[in-house]
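The values are calculated or read from the model by the stated rules, or taken from the named source; none is laboratory data. Since we're looking at a predicted model, the values are computed, not measured. Cβ: placed from backbone, ideal geometry, glycine included. Neighbour counts: every protein chain shown.
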Amino acid sequence: MDQSPALAAVHEEVIACRACPRLVEWREQVAQEKRASYRDHDYWGRPVPGFGDPRARILIVGLAPAAHGANRTGRVFTGDRSGDFLFAALHRVGLASQPEAVDRDDGMVLNDVFVTAPVKCAPPANKPTTGERYTCQPFFQRELAALTKVRVVLVLGGIGYAATANELGLTPKPRFGHGLEVVLPDGRWLLCSYHVSQQNTFTGRLTEPMFDSVLDRATELAGI
């Protein structure tokens, strides 16, 4: 699906960005050294823009690309356990054309949903610094502005919640929690879920029924 000119422009700038030396060094080191199981893969090794339907009514916000997931495949939440969980859930509710996302050329199409992250580069230990988050902030702001049809923003995890709530003008911010629902000043909705990380899904902190329930609520509020 074709992007709007504004969305296409910010995504081209994202891909070319080299603003954070620590993140540039790390993402390129990972892409060169590779994980043994992916030694024959051609790693992306660049910042990763958002992905999905530019006319989406639901926006899903994570944190940052995974070193051997999106940093390898070049598409957010693609090629790792977190993405396996997320896209399978999106497929169950009819928002994704297929249940698996393995690379950016696998034919995946998202319907009425867009997925992004406030930090565009894979950070060491999955922990971007405050300065790195601040540097990436304009990209995230411009994605939000370009997605004019969004009615529901679903954030995954506490850090994504904090970044998104600030951008959407939510003050004061209620304490993050799975299943939290907040009406934003402009009438849109902000929903929260535990992150779809392998740590959360493998330990049972986040189960398929728990996440499906939040997605069902998101589609209901978005009028899908």
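Let's see how each residue does on (1) touching a helix residue (DSSP H, G or I) at 6+ places or on another chain (Cβ under 8 Å); (2) surrounded by fewer than 18 Cβ atoms within 10 Å (Cβ to Cβ):
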| site | (1), (2) |
| --- | --- |
| Pro65 | yes, no |
| His68 | yes, no |
| Arg75 | no, no |
| Asp84 | no, no |
| Arg92 | yes, yes |
| Glu100 | yes, yes |
| Asp103 | yes, yes |
| Asp112 | yes, no |
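Considering (1) out of contact with any Phe, Trp or Tyr (no Cβ under 8 Å at 6 or more places or on another chain); (2) under 22 Å from Glu143 (Cβ atoms), the lone condition that Val76 does not fulfil carries the number (1). Across the stretch 15-24, the qualifying residues are those that are under 16 Å from Ala66 (Cα atoms) and touching a residue at least 60 places away in the same chain (Cβ under 8 Å), and the one among them that is surrounded by the fewest Cβ atoms within 10 Å (Cβ to Cβ) is Arg22. From the list Pro123, Pro118, the one residue that fits, being touching a Lys or Arg at 6+ places or on another chain (Cβ under 7 Å) and within 15 Å of His195 (Cβ to Cβ), is Pro118. How about the stretch 47-76: which of its residues are without any contact (Cβ under 8 Å) to a residue 60 or more places away in the chain and either in contact with a Lys or Arg (Cβ under 7 Å, 6 or more places away or on another chain) or not charged (D, E, K, R) (or both)? Within the stretch 47-76, Pro65, Ala67, His68, Gly69, Ala70, Asn71, Thr73, Gly74, Arg75, Val76 meet the criteria. If only residues of the stretch 1-53 that are of a type in the set (Lys, Arg) and assigned to a helix (DSSP H, G or I) are counted, the one that is nearest to the chain's Cα centre (by Cα) is Arg27. Among the residues of the stretch 89-102, are any part of a loop (DSSP other than H, G, I, E, B), acidic (Asp, Glu) and more than 14 Å from the chain's Cα centre (by Cα)? Taking every residue of the stretch 89-102 in turn, at least one turns out to be part of a loop (DSSP other than H, G, I, E, B), acidic (Asp, Glu) and more than 14 Å from the chain's Cα centre (by Cα).
Being polar (S, T, N, Q) and exposed (fewer than 12 other Cβ atoms within 10 Å of the Cβ) is the filter; apply it to the stretch 25-40 and report the residue that is modelled with the highest pLDDT. Show your work before the answer.
Residues of the stretch 25-40 that are polar (S, T, N, Q), as a first pass: 29, 32, 37.
In the following step, the residues that additionally are exposed (fewer than 12 other Cβ atoms within 10 Å of the Cβ) were identified as 32, 37.
Details: Gln32: 96, Ser37: 92.
Result: Gln32.
Take Glu220 and decide whether it is surrounded by fewer than 17 Cβ atoms within 10 Å (Cβ to Cβ) and either more than 24 Å from Val10 (Cβ to Cβ) or touching a Gly at 6+ places or on another chain (Cβ under 6 Å) (or both). In short, yes. Quick one: is Val183 surrounded by 12 or more Cβ atoms within 10 Å (Cβ to Cβ) and either in contact with a His (Cβ under 6 Å, 6 or more places away or on another chain) or among the β-branched types (Val, Ile, Thr) (or both)? So Val183 does not fit the description; no.
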